[in-house]
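Colleague: Sharing a structure here in structure tokens format.
The values are calculated or read from the model by the stated rules, or taken from the named source; none is laboratory data. The structure displayed is predicted, hence computed values, not measured ones. When we count neighbours, we look across all protein chains shown, and the Cβ atoms used for this are built from the backbone with ideal geometry, even at glycine. Side chains are part of the model used for accessible areas, which takes the heavy atoms of the whole protein and leaves out ligands, DNA and RNA. Shrake-Rupley method; radii C 1.70, N 1.55, O 1.52, S 1.80 Å.
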Amino acid sequence: MFSLKDLKEYDSTLQILKGDDSLKFESITDSRELRSDCILFLKNKKHFLKLKDSLTDSMGAIIIEKKLHEKLDEEELKLLEKSFKTIALCDDASVSMSLLSKPFWDHRFSNLNEVVDGRQMGSDSIHPSAWIAQGAFIAQDVVIGEDVKIHSGVRILSGCVIGDGCEILPNAVLYPFTKLGKNCRIHSGTVIGADGFGYNFHQGKHLKVWHIGDVNIGDDVEIGANSCVDRGTFSATNIGSGTKIDNHVQVGHNVQLGCGVILCGHVAIGGSAVLGDFCVMGGKAAMGDNFTLGKGVQVAGGGMVNCDWPDGSIVGGHPARPIKEWMKGLAFVRKESLRKGDKK
């Protein structure tokens, strides 16, 4: 746990405006999981507008970029003062996020024992019916449920929870604190819980954002071979029950997949994207970060999503457009190209 006074060692631009700078905080959070024991960053007005309806009178600490603080009106400042125990300013919220996430990452991950098998240490809870092949490594404090099958070469790192009836096939890797629901199948070579791809450019360097969120996977989820699901930045990446993910799929940090989502081969989803229940993305389709698909949205193979789409939309193309509009556009371009070709 760290206080803002402690964190000044990592970011000298921190300036306390309100509250006790010795008050300890457990972690960093974001607007999806506001908690009283965590620190929240606020960079711009868009973030503030997204946040303000979720505030209560018992929030932890907030670190506000100075430029934004100067733009907030009196009413907005009063709302923040009422909601947060401690308020601080920083020069650049993105840079501060990179600098301050490191000590929290160290606190959570650096002392984990990923060398000695947890079964030797006696720290694991494994149901007697679980089937574990030779050559599988299971780290400390892992919980494995009834009738689980774990194949050779699998590495399950500290604090993972594997629900009843799951099967994890050879050479899959579960990073620390990954949680699988019941009856999940994880195919060979898949990696769940690696750091998300998050960096902030500052003074000629790419500063890493240290990811401390988890990955939570619901019941009856299947993930194909050589796919990746990244851990959340500060809150969890979540995959809903019944979702099916093909081979070679990338699910970025903080992504929220609803129930029954289908992701075909080579789909790539950017960080913090949201897909509603029963969405379908065809092969090689992609989706930018922070966009939202409503329930039942279908994206044609190769489609490139660069905006939000409401429930039931069917889209395709680059950028993705309603499927009929896209098909008409293709037909027009083909007709024009053939017409010009005939003239030659």
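Colleague: Relative contact order, percent, of the chain when contacts are C-alpha pairs under 8 Å separated by at least 6 residues?
Modeller: 8 percent
Colleague: Test of understanding: in a Gaussian network model of the chain with alpha carbons linked when under 10 Å, which of GLY153, GLY265, GLY19 would top the mean-square fluctuation ranking?
Modeller: Of the options given, GLY19 has the highest mean-square fluctuation.
Colleague: Volume per residue, Å³, of the convex hull around the alpha-carbon atoms of the range 178-266?
Modeller: On the way: hull volume 7.3 nm³, N = 89.
So the per-residue Cα hull volume is 82 Å³.
Colleague: Putting +1 on Lys and Arg Cβ atoms and -1 on Asp and Glu Cβ atoms, find which of CYS264, PHE332, HIS202 reaches farthest to the positive end of the dipole of the range 198-337.
Modeller: Toward the positive end, the furthest listed residue is PHE332.
Colleague: Further, regarding this structure: Please give the solvent-accessible surface of MET121 in Å², to the nearest 10, using a probe radius of 1.4 Å with every protein chain present.
Modeller: 80 Å²
Colleague: Still on this structure: To two decimal places, what compactness ratio does the range 214-344 give when its Cα radius of gyration is scaled by 2.2 N^0.38 Å?
Modeller: Working: Rg = 16.5 Å, N = 131, 2.2 N^0.38 = 14.0 Å.
It is 1.18.
Colleague: Could you give me the radius of gyration and the Dmax of the range 78-170, taking only the C-alpha atoms into account and expressing both in angstrom?
Modeller: For the range 78-170, the Cα radius of gyration and maximum Cα-Cα distance read 19.9, 60 Å.
Colleague: Sorting LYS71, LYS8 by accessible area (1.4 Å probe), largest first, what list results? Intermediate values should be presented prior to the final figure.
Modeller: On the way: LYS71 150, LYS8 80 Å².
Ranking LYS71, LYS8 by accessible area, largest first, yields LYS71, LYS8.
Colleague: Okay, moving on. How many angstrom lie between the Cα centre of the range 230-274 and the Cα centre of the range 282-316?
Modeller: 13 Å
Colleague: Which listed residue (PHE2, GLN15, ASN247) has the Cα farthest towards the positive end of the charge dipole for the chain, taking +1 on Lys and Arg C-beta and -1 on Asp and Glu C-beta about the Cα centre?
Modeller: The Cα lying farthest towards the positive end belongs to ASN247.
Colleague: Now for a different question. Enter the accessible area of ASP289 (Å², nearest 10), with the probe set to 1.4 Å and all protein chains included.
Modeller: That residue has around 90 Å² of solvent-accessible surface.
Colleague: Given an 8 Å cut-off on Cα distances and at least 6 residues of separation, report the relative contact order of the range 244-337 as a percent. Intermediate values should be presented prior to the final figure.
Modeller: Details: 264 pairs, mean separation 16.7, N = 94.
Relative contact order, the range 244-337: 18 percent.
Colleague: Which whole-number percent is the relative contact order of the range 86-180 (Cα, under 8 Å, 6+ apart)?
Modeller: Details: 191 pairs, mean separation 18.6, N = 95.
RCO, the range 86-180: 20 percent.
Colleague: Okay, which of the range 52-92 sit inside 17 Å, backbone N to the point 7 Å along the Cα-Cβ direction of GLN203?
Modeller: 90-92
Colleague: From the mean inverse distance of alpha carbon pairs (Kirkwood) and the Cα radius of gyration, derive Rg over Rh for the range 14-62. Please report the intermediate quantities before stating the final value.
Modeller: On the way: Rg = 10.9 Å, Rh = 11.6 Å.
For the range 14-62, the value is 0.94.
Colleague: While we're on this one: Taking the C-alpha atoms of the chain, how large are the radius of gyration and the largest Cα-Cα span, Dmax, in Å?
Modeller: Considering the chain through its Cα atoms, Rg and Dmax are 23.0, 80 Å.
Colleague: Let me ask you something else. I need the semi-axes of the equivalent ellipsoid of the range 280-344: take the C-alpha gyration tensor, multiply each eigenvalue by 5, square-root it, list largest first in whole angstrom. Intermediate results must be reported in sequence, preceding the final value.
Modeller: On the way: eigenvalues 164, 24, 16 Å².
Each semi-axis is the square root of five times an eigenvalue, giving 29, 11, 9 Å.
Colleague: Could you tell me the calculated FRET efficiency between LEU338 and ASN306, based on Cβ-Cβ distance and R0 = 41 angstrom, to the nearest 0.05? List each step's numbers first, then the result.
Modeller: Values: r = 29 Å, r/R0 = 0.71.
So, using R0 = 41 Å, E works out to roughly 0.90.
Colleague: Provide the net charge surrounding ASN183, with neighbours chosen by a C-beta distance below 10 Å and charges set as Lys +1, Arg +1, Asp -1, Glu -1. Spell out each step's value before the answer.
Modeller: Working: positive: LYS182, ARG185; negative: ASP147, ASP164, GLU167, ASP219, ASP220, GLU222.
Result for the local shell: -4.
Colleague: Using a Förster radius of 25 Å, what is the FRET efficiency between SER12 and HIS107 based on their Cβ-Cβ separation? Nearest 0.05, please.
Modeller: On the way: r = 20 Å, r/R0 = 0.81.
Taking R0 as 25 Å, the efficiency between SER12 and HIS107 is 0.80.
Colleague: Here is a further query. Please quote Rg/Rh for the range 1-146 to two decimal places, taking the Kirkwood radius as Rh and restricting both calculations to Cα atoms.
Modeller: Values: Rg = 20.1 Å, Rh = 17.5 Å.
Rounded to two decimals, Rg over Rh is 1.15.
Colleague: Rolling a 1.4 angstrom probe over the protein chains, ignoring ligands and nucleic acids, what is the accessible area of ARG185 in square angstrom, nearest 10?
Modeller: Here the residue's solvent-accessible area equals roughly 80 Å².
Colleague: With Rg and the Kirkwood Rh both taken from Cα atoms, where does Rg over Rh land for the range 126-283?
Modeller: Working: Rg = 15.3 Å, Rh = 15.5 Å.
We get a ratio of 0.99 for the range 126-283.
Colleague: Sticking with this one: Less than 14 Å Cβ to Cβ from THR56, Lys/Arg counted +1 and Asp/Glu -1: what total charge do the surrounding residues give? Mind showing how you got there, number by number?
Modeller: Numbers: positive: ARG35, LYS52, LYS82, LYS85; negative: GLU33, ASP37, ASP53, ASP57, GLU81.
Around THR56, the charge tally is -1.
Colleague: Take the cross-link list LYS8/LYS85; LYS24/LYS208; LYS18/LYS66 and give me the ones stretching past 20 Å between alpha-carbons.
Modeller: Cα-Cα > 20 Å for LYS24/LYS208; rest within.
Colleague: Same structure, new question: Can you tell me which of LEU89, LEU68, LEU293 moves the most in a GNM of the chain? Springs connect C-alpha atoms under 10 Å apart.
Modeller: Result: LEU68 has the largest fluctuation of those listed.
Colleague: Set the Förster distance to 25 Å, then compute FRET efficiency between VAL143 and ASN247 from the Cβ-Cβ distance, nearest 0.05. It would help to have the intermediate numbers written out before the result.
Modeller: Details: r = 28 Å, r/R0 = 1.12.
With a Förster radius of 25 Å, E is 0.35.
Colleague: Explain nothing, just compute: Karplus ³J(HN,Hα) = 6.51 cos²θ - 1.76 cosθ + 1.60, θ = phi - 60°, for every residue of the range 74-83 in order, whole Hz, x for Gly and Pro.
Modeller: 4, 5, 5, 5, 5, 4, 5, 5, 6, 8
Colleague: Beyond 19 Å, what share of the Cα-Cα pairs of the range 237-295 remains, rounded to the nearest whole percent?
Modeller: Working: 162 of 1711 pairs.
Here the tail beyond 19 Å accounts for 9 percent of pairs.
Colleague: Taking the Cβ of TRP131 as the centre, find all other residues whose Cβ is under 10 Å away and add up their charges (Lys, Arg: +1; Asp, Glu: -1). The partial results should precede the final answer.
Modeller: On the way: positive: LYS149; negative: ASP147, GLU167.
So the surrounding residues net to -1.
Colleague: Among all the lysines, which ones have a C-alpha under 27 Å from LYS328's C-alpha, if same-chain residues fewer than 8 places away are not counted?
Modeller: Result set, ordered by chain and number: LYS284, LYS295, LYS340, LYS343, LYS344.
Colleague: More than 21 Å apart: what percent of Cα pairs in the range 145-228 qualify? Walk me through the intermediate numbers first.
Modeller: Working: 1074 of 3486 pairs.
So the portion of pairs separated by more than 21 Å is 31 percent.
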